[in-house]
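Reviewing the structure listed below.
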2 protein chains.
Amino acid sequence: MSDPDFAVLGIGNALVDVISSVDDEFITAHDFPRGATTMVDLERAEAVYADLPPAQEISGGSCANTIAGLASFGATVAFVGRVRDDQLGKVYTHDLRSLDVHFDVAPATTGPATGRCLVMVTPDAQRTQCTYLGASTFIGPDDVDPALVARGAVTYLEGYLWDQPPAKDAIRKAAAAASSANRLVALTLSDPFCVDRHREEFRDLVADEIDVLFANEAEICSLYEVDDFDAVISHFGARPAVSLAKLAEGVVR
Amino acid sequence: MSDPDFAVLGIGNALVDVISSVDDEFITAHDFPRGATTMVDLERAEAVYADLPPAQEISGGSCANTIAGLASFGATVAFVGRVRDDQLGKVYTHDLRSLDVHFDVAPATTGPATGRCLVMVTPDAQRTQCTYLGASTFIGPDDVDPALVARGAVTYLEGYLWDQPPAKDAIRKAAAAASSANRLVALTLSDPFCVDRHREEFRDLVADEIDVLFANEAEICSLYEVDDFDAVISHFGARPAVSLAKLAEGVVR
């Protein structure tokens, strides 16, 4: 096995964050679960956006933010995600490449615009999010090059990808490519609502294919439907390589 | 004369600010005058952007920022500026309208993209700017509706507009419309380099058409080619209505 070229290769949704400050009534009026991410279609995204105050746009996406953070610490990293050939797609590509992130998925030339995530910050600094996936809706197995995956020491997957059927196939293809190249596969469960939507599939994935799992207490307790973090540990008896990150308390094991 | 509908109507460049942090060497390497705004063509704007680190995008423009600030304090205001019918133009329109700024100039359907201003912030918090006007290049007299101008108690003009010939005609048309409706005309000199480029025309404008002039010490001293703020005052003896704002020391007279 040759040495990997990238410390981490991330696969996730390519989203431009549209960040604004709102009051609690805004969240209630739009019926969003506080602190979580709601997936919406274009019509609802535009209706919510029209009600929002002025915003700032910053390239984001859960996995991509992690990759950008690693790059800023000096790690050599790559990202696989899907934008369109529009202004926000160009902004997104610039922002990643300017950090020397390897990012060479060709932008889509047809279909929906580059995706965005409306980040609504309430006075308690909580972030409630509303995501329109746009071009990222169609991330699929064709976007995953097994040769590129084999160049990453770790392939890091975003749980939110599970919301789109073609993205599931992309995840499975990437996990298989990493595994056959003797690389590690990492997954973040993303948020407790995401776990609710895909509990059984996530359990199978963690049991069979994941080497490093990122989850906070709410997410991991939701995954195994237990009330207590200690009760989670028993689920990992047979998988000593699985690492569990507990938010604000470091890696558990 | 009927009561005005708007406390202030602003006319200026509609620019999306692209804000990033750079070191001093970046400014030197690209040969920008520190703290000033350099107008560039698309080719240079793209070359500089390619070298910049990740950025955040916020709707901006000198005059529009003032209008947005007034709106956030509760004033009823309007803005005249020119974007294209592209993603950044939609972002710009959203940001102004969400503050209840009256903004109804139809976006251009052809020609260059919505303009942007690369704001390079150095460690001393100084902002050095590089502007590609884009769609704003063609703001002209057709964008100025005299009936709209007559609805503003004050028409506030941005000195940077003077860099484009059609915009000069727009300024003159707006000033004439305001004057014939017995409204006030205000001008900001924008920056000392802008004053250098248009000194004679700005002097004539101030002598004949401007009621309220916004300038900091460097700008006003450049306008009259004097070294001392006190020496400036004599130039306003015959124009008692002219107010001069001296940065950080309040309005002088």
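Every number in this text was worked out from the coordinates using simple rules, so none of it is lab data. Source: prediction; values computed, not measured. Here the Cβ positions follow ideal geometry from the backbone for every residue, glycine too, while neighbour counts run over all protein chains shown.
The mean sequence distance of close C-alpha pairs (under 8 Å, at least 6 residues apart), as a share of the length of chain B, puts its relative contact order at 21 percent. Sorted from shortest to longest, the distances between the B:Pro53 label points of this copy and the other copies are 2.8 nm, with each point 7 Å from Cα along the line through the beta carbon.
The phi torsions of region B:170-186, fed into the Karplus equation with coefficients 6.51, -1.76 and 1.60 and a -60° offset, translate into couplings of 5, 4, 5, 5, 5, 4, 5, 5, 5, 4, 6, 9, 6, 9, 8, 10, 10 Hz, rounded to whole numbers, with Gly and Pro shown as x. Inverting the pair-averaged 1/r between distinct Cα atoms of region B:187-233 gives 10.5 Å as its Kirkwood hydrodynamic radius. The listed peptides A:56-66, B:22-32, ordered by packing as a protection proxy, come out as A:56-66, B:22-32 (highest mean of other Cβ atoms within 10 Å first).
Label-point spacing at B:Pro146 relative to the other copies reads 7.4 nm, in ascending order, each point sitting 7 Å out from Cα along Cα→Cβ. Close amide H contacts of B:Ala108 (hydrogens built in the peptide plane, cut-off under 5 Å, sequence separation of 5 or more or a different chain): B:Val83, B:Arg84, B:Asp85.
The mean number of Cβ atoms from other chains found within 10 Å of a Cβ in peptide A:50-56 is 6, as a whole number.
What is the Å³ per residue value for the convex hull set by the Cα atoms of the protein assembly as shown? Intermediate results must be reported in sequence, preceding the final value.
Values: hull volume 84.3 nm³, N = 506.
Measuring per residue, one finds 167 Å³ for the Cα hull of the protein assembly as shown.
Label positions at A:Asp100 and B:Ala36, each projected 7 Å from the Cα along the C-beta direction, are separated by 3.4 nm.
Ranked by the mean number of other Cβ atoms within 10 Å of their residues, highest first, the peptides A:72-82, A:220-230 fall in the order A:72-82, A:220-230.
Less than 5 angstrom separates the built amide H of B:Leu52 from none of the residues sequence-distant by 5 or more or on a different chain.
Two numbers describe the Cα atoms of region A:105-159: Rg and Dmax, which are 15.5, 46 Å.
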